Amino acid sequence: MTTLPTQIFRFAPSPSGYLHLGHAYSALFSWTQAQKHHAQFILRIEDIDTSRCRKEFTEAIYEDLSWLGLEWRDPPRNQSEHMDDYQRALKKLEDQDLLYPCFCTRKEIQNEVQQSGRAPHGPDGLIYPGTCRNLSTTERETRIAQGDSYALRLNTAQACALAGELYWHDERKGKVRATPEVFGDVVLARKDIHTSYHLSVTVDDALQNISCITRGTDLFQATHIHRLLQALLKLPVPTWHHHDLLHDEEGNRLAKRHNALAIRELRKQGKNPDDIKKMVGLLDQG
Ligand code: GLU
């Protein structure tokens, strides 16, 4: 008898605020899928953005999720402790000549876009007009030598040409053709933190052997870039399950600023875990 490899599901919150009902739904969704597939469930703390993430929020995440009845494989991975892994991935992309330093400030990008009279937008906002892609090697070296700070951007067109046609599987949508070109040249290493969400999440999902990535449909488009990075970095390709987002009665997306819907606030009001499950629609009302 052959034993199938263990499947692994994950919940990967950023500790930049208290968990709200939308997070609870996402965590419980992943947990429920893991149970259904007799899979492992892991928690990853996505804390690369040191200006927004706080230790107290990480502690609160542990506490709220435990209260909800979730159990995860210990210890959870804190991204901020694994910067070397992201630098290694950047090096692999650099070796393929797919990255370039971008010295532009937000303001400079806006000015450039304004002057061109075109402002194409992609899933992450304004598409970078490519200013620094065309700098000569000497210009790059001079600016780096004089200490100008820079981000590293992916030359997406070149990367797509190298990777060829790519596909990925979404549990709800089926086979999806990857269209990373809609992002333009994304930043893979920010000026301030030398990595990025797109890079870190892709590296970690591979390092942690995630078999199915569950997350909200707000990150559906991001998967196009992640699929491209997997191809360039020769990483295994999992499946994805993008779930719907929760909205309040006025149709607004539940975000961290809706403090009244923070799990700890609801706990204080006397709600129990089953009440939360009912509120997010994962347990029958009754
Ligand atoms: N850390 C991201 C967030 O809190 C989620 C990342 C992911 O699931 O891919 O929005």
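In the range 216-269, the residue that is nearest to the ligand (Cβ to nearest atom) out of those that are in contact with a Gly (Cβ under 9 Å, 6 or more places away or on another chain) and at pLDDT 90 or above is 216.
The lone criterion from (1) more than 14 Å from the ligand (Cβ to nearest atom); (2) surrounded by 13 or more Cβ atoms within 10 Å (Cβ to Cβ); (3) hydroxyl-bearing (Ser, Thr, Tyr); (4) farther than 26 Å from residue 230 by Cβ left unmet by residue 25 is number (1).
The criterion of being within 14 Å of the ligand (Cβ to nearest atom), closer than 15 Å to residue 210 by Cα and surrounded by 15 or more Cβ atoms within 10 Å (Cβ to Cβ) holds for residue 9.
Filtered by the rule that a residue be in a helix (DSSP H, G or I) and either within 12 Å of the ligand (Cβ to nearest atom) or free of Cβ contacts under 8 Å to residues at least 40 places away in the same chain (or both), the range 204-215 gives 204, 205, 206. Considering only residues in the range 172-204 that are acidic (Asp, Glu) and over 16 Å from the mean Cα position of the chain (by Cα), the one that is farthest from residue 232 (Cα to Cα) turns out to be 192.
Per this entry, residue 73 is not counted among residues that are surrounded by 13 or more Cβ atoms within 10 Å (Cβ to Cβ) and within 16 Å of the ligand (Cβ to nearest atom). Contact annotation: residue pairs with Cβ atoms under 7 Å, 6 or more positions apart or on different chains, pairing a residue in the range 31-48 that is part of a loop (DSSP other than H, G, I, E, B) with a partner that is aromatic (Phe, Trp, Tyr), are 39/9. Considering only residues that are within 13 Å of residue 72 (Cα to Cα) and of a type in the set (Ser, Thr, Tyr), look in the range 3-47 and name the one that is nearest to the chain's Cα centre (by Cα). In this case the residue turns out to be 30. Looking only at residues in the range 177-192 that are on the phi < 0 side of the Ramachandran plot and crowded, with 18+ Cβ neighbours inside 10 Å, the one that is farthest from the ligand (Cβ to nearest atom) is 185. Identify, by number, the condition in (1) assigned to a loop (DSSP other than H, G, I, E, B); (2) hydrophobic (A, V, I, L, M, F, W, C); (3) closer than 21 Å to residue 128 by Cβ that residue 228 doesn't meet. For residue 228, the exception is condition (1). Determine whether residue 56 is out of contact with any helix residue (DSSP H, G or I) (no Cβ under 8 Å at 6 or more places or on another chain), surrounded by fewer than 16 Cβ atoms within 10 Å (Cβ to Cβ), free of Cβ contacts under 8 Å to residues at least 60 places away in the same chain and not in a loop (DSSP other than H, G, I, E, B). The answer is yes for residue 56.
The values are calculated or read from the model by the stated rules, or taken from the named source; none is laboratory data. Everything numeric here is computed off the predicted structure, so don't read it as measured data. Here Cβ is always computed from backbone atoms with ideal geometry, including for glycine, and neighbour counts include all displayed protein chains.
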